[in-house]
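Below you will find the structure I want to go over with you.
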Amino acid sequence: MFKKAGEDPAVLIDLGRSVVERALGAGANVAEASVHDGSHLSVKVRIREPELVEEARSRALGLRVMVGQRVASTYTSDLSPAGQRMLIEDAMELARLSEADEFAGPPDPSELSSPTAWAELDTFDDAVSRVAADEALELALRGERSAFELDPRITNSEGASFSRAAGFSALVTSGGFAGGDRGTYASVVVNPVADDEGGKKRSGYYWSASRHYADLEDSNKVGREAARRTVAQLGATKLPTQELPVVFDRDAARSIVGLFAGCVLGGGIWRKSSYLVDRVGSKVASDLVAIADDPLLPRAPGSRGFDGEGLLSRRNVVVEGGVLRTYLMDTYSARKLGLKSTASASRSPAGGISSSTSNFVLEAGSQSRQELIADTKHGLYVTGMMGFGFNAVTGDFSRGASGFLIRDGELCEPVSEVTISLNLDQILQRIDAVANDLDYRTAITSPTFRVSSMTLAGI
């Protein structure tokens, strides 16, 4: 049924249109088909030897139908005529068995987008798909070798890896939408291990990722930076329990922003499983905080021309000057809340729909990371966090952390085995400095920022 991935994306749309027509003929009032075709390559080396080479292609056909107000979703990887027929039959049977939902239904056809309105976001690069296994192994080997060569204290490795993926998708709905999308993504990761005092081992890492192959950092540079970060942790100690300013580097800051992202999704709001229920228009962060969900950033990981329901993608300002301006909603959650969709729907391979983020970004400030640190008299610079200590209903946050002590505006001795805690609402409201070191390796991203005071539990 399919040609080689990406050879002719129109084939996906044609298949989706055929399935929708047959589902309507079987008695569905609404039918929506999503088709996915992708390929990926992952390699890993460890101690200068190949450990994993995995290359695969995946494909899936998802179908969502409605019979009256009864909804069902299912999918298959069997795209033969018999597989498609069984998919339609199963979806119809499940719909008839399900409970009616008064809020269920597709968006109004007038809200659907057309191809002429979609932005060109440059999310696909043929060069990514052309990376063969031998080249990928060499990139990983070079990264790990550079880590070993930087410092003799790097004596072991948890591995170095290179991965690349290409994906093509189509969405066809009985409401009149038909569109396709494509994207690529590649990453290189190096994870060296150093010997510390008392027989302890310190593991660190560094990585680079991009939709375009040419935008990846050189694997030698990745390896050297991974080694530098690893040996910098040697001799790490605990700190006494205290209150102090905490600076989150951009990787750790991204984790904080990711927790907030999960709390602004429409599904969590109507279920009342978020501490941000009924908070639109109120202060949820400091005046310095501006957060946007922007699917229109060229080459960014979460960029898309349309959402999972076919609505035209748009930039949503979520937090402005510390004030919560909107939740992120698909059509269903918007109806539950008596609001309008923010074109934030995501569709799973099985056809299910939920609200989601695209590129969720805490916007950069004006000062550099170095200036922010220099402006911190005493504090903790967090480079890593462990555990999952977060309650979305209350906002309570507590995580293990590691990093470096800041003394007189400079990074000093490494710190590990401490716990930092504070309610997420207070973390964001106590942000008193935001750096300008934003990057777009991931779809949720943040620059380095400082929280004026947090509780640190140590010795």
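The values are calculated or read from the model by the stated rules, or taken from the named source; none is laboratory data. On a predicted model such as this, the values are computed, not experimentally measured, just so you know. Backbone-built Cβ (ideal geometry, glycine too); neighbour counts: all protein chains shown.
Criterion first (farther than 30 Å from Ser157 by Cβ, surrounded by 19 or more Cβ atoms within 10 Å (Cβ to Cβ), out of contact with any helix residue (DSSP H, G or I) (no Cβ under 7 Å at 6 or more places or on another chain) and not charged (D, E, K, R)) does Leu15 satisfy it?
Considered against the rule, which asks whether it is farther than 30 Å from Ser157 by Cβ, surrounded by 19 or more Cβ atoms within 10 Å (Cβ to Cβ), out of contact with any helix residue (DSSP H, G or I) (no Cβ under 7 Å at 6 or more places or on another chain) and not charged (D, E, K, R), Leu15 comes out as yes.
Name the strands (runs of 3 or more DSSP E) wholly inside segment 284-353 in which the number of residues that are within 28 Å of Thr394 (Cβ to Cβ) and not assigned by TED's automatic domain parsing to the domain that holds Leu171 is 3 or more.
Filter on segment 284-353 gives 291-293, 316-320.
Here is a follow-up. Could you say whether any residue in segment 38-47 is under 22 Å from Ala345 (Cβ atoms) and outside the structural domain of Gly310 (by TED's automatic domain parsing)?
Within segment 38-47, one or more residues are under 22 Å from Ala345 (Cβ atoms) and outside the structural domain of Gly310 (by TED's automatic domain parsing).
Pick out the one residue from Gly400, Gly389, Gly379 that is more than 16 Å from Val257 (Cα to Cα), surrounded by fewer than 19 Cβ atoms within 10 Å (Cβ to Cβ) and among the small types (Gly, Ala, Ser).
After ruling out the rest, the residue left standing is Gly400.
Let me ask something additional. Yes or no: Val222 β-branched (Val, Ile, Thr) and over 30 Å from Val20 (Cβ atoms)?
Yes.
So which pairs qualify, if the first residue must be in segment 426-440 and crowded, with 22+ Cβ neighbours inside 10 Å, the second must be hydroxyl-bearing (Ser, Thr, Tyr), the Cβ gap must be under 7 Å, and the two must be at least 6 apart or on different chains?
Once the first residue is crowded, with 22+ Cβ neighbours inside 10 Å and sits in segment 426-440, its partners that are hydroxyl-bearing (Ser, Thr, Tyr) give Leu428/Ser286; Ile431/Ser286; Ala435/Ser368; Ala435/Thr448.
Another question about this same structure. Taking the condition surrounded by 21 or more Cβ atoms within 10 Å (Cβ to Cβ), over 22 Å from the mean Cα position of the chain (by Cα), within 26 Å of Arg369 (Cα to Cα) and not polar (S, T, N, Q), does Val246 pass?
So Val246 passes the test.
Further question on the same structure: Scan segment 68-87 and give yes if some residue there is more than 30 Å from Arg130 (Cβ to Cβ), among the basic types (Lys, Arg) and in contact with a Ser or Thr (Cβ under 7 Å, 6 or more places away or on another chain), otherwise no.
For segment 68-87, residues more than 30 Å from Arg130 (Cβ to Cβ), among the basic types (Lys, Arg) and in contact with a Ser or Thr (Cβ under 7 Å, 6 or more places away or on another chain): present.
Checking the structure you have, find out if any residue of segment 417-431 is of a type in the set (D, E, K, R), outside any loop (DSSP other than H, G, I, E, B) and in contact with a Pro (Cβ under 8 Å, 6 or more places away or on another chain).
no
Let me ask something additional. Considering only segment 6-30, state which residues are small (Gly, Ala, Ser), at pLDDT below 95 and part of a loop (DSSP other than H, G, I, E, B).
Scanning segment 6-30 gives a single hit, Gly6.
What do you reckon, is Ala147 of a type in the set (Gly, Ala, Ser) and in contact with a Gly (Cβ under 6 Å, 6 or more places away or on another chain)?
Against the criterion (of a type in the set (Gly, Ala, Ser) and in contact with a Gly (Cβ under 6 Å, 6 or more places away or on another chain)), Ala147 qualifies.
Here's something else I'd like to know. Go through (1) under 23 Å from Ile291 (Cα atoms); (2) within 18 Å of the chain's Cα centre (by Cα); (3) buried (at least 22 other Cβ atoms within 10 Å of the Cβ) and name the single condition Glu363 misses.
Result: Glu363 passes all but (3).
Going residue by residue through segment 411-420, is there one that turns out to be under 29 Å from Pro301 (Cβ atoms), modelled with pLDDT of 95 or more and surrounded by 19 or more Cβ atoms within 10 Å (Cβ to Cβ)?
So far as segment 411-420 goes, yes, one or more of its residues are under 29 Å from Pro301 (Cβ atoms), modelled with pLDDT of 95 or more and surrounded by 19 or more Cβ atoms within 10 Å (Cβ to Cβ).
OK, next. In segment 32-71, how many are in a strand (DSSP E or B) and under 30 Å from Asp90 (Cα atoms)?
Adding up the residues that qualify gives 23.
Continuing with this model, one more query. With respect to the numbered conditions (1) within 24 Å of the chain's Cα centre (by Cα); (2) more than 30 Å from Gly308 (Cα to Cα), which one is the sole condition not fulfilled by Ala209?
For Ala209, the exception is condition (2).
In segment 434-451, which residues are more than 11 Å from Pro245 (Cα to Cα) and part of a strand (DSSP E or B)?
Val434, Ala435, Ile444, Thr445
Of all residues in segment 142-190, which are farther than 30 Å from Asp126 by Cα and of a type in the set (Ser, Thr, Tyr)?
Thr155, Ser157, Ser174
Also, quick follow-up: Inspect segment 235-245 for any residue being touching an Asp or Glu at 6+ places or on another chain (Cβ under 6 Å), in contact (Cβ under 8 Å) with a residue 12 or more places away in the chain and under 28 Å from Asn359 (Cα atoms) and give the result as yes or no.
Checked against the condition, which is being touching an Asp or Glu at 6+ places or on another chain (Cβ under 6 Å), in contact (Cβ under 8 Å) with a residue 12 or more places away in the chain and under 28 Å from Asn359 (Cα atoms), segment 235-245 yields no hits at all.
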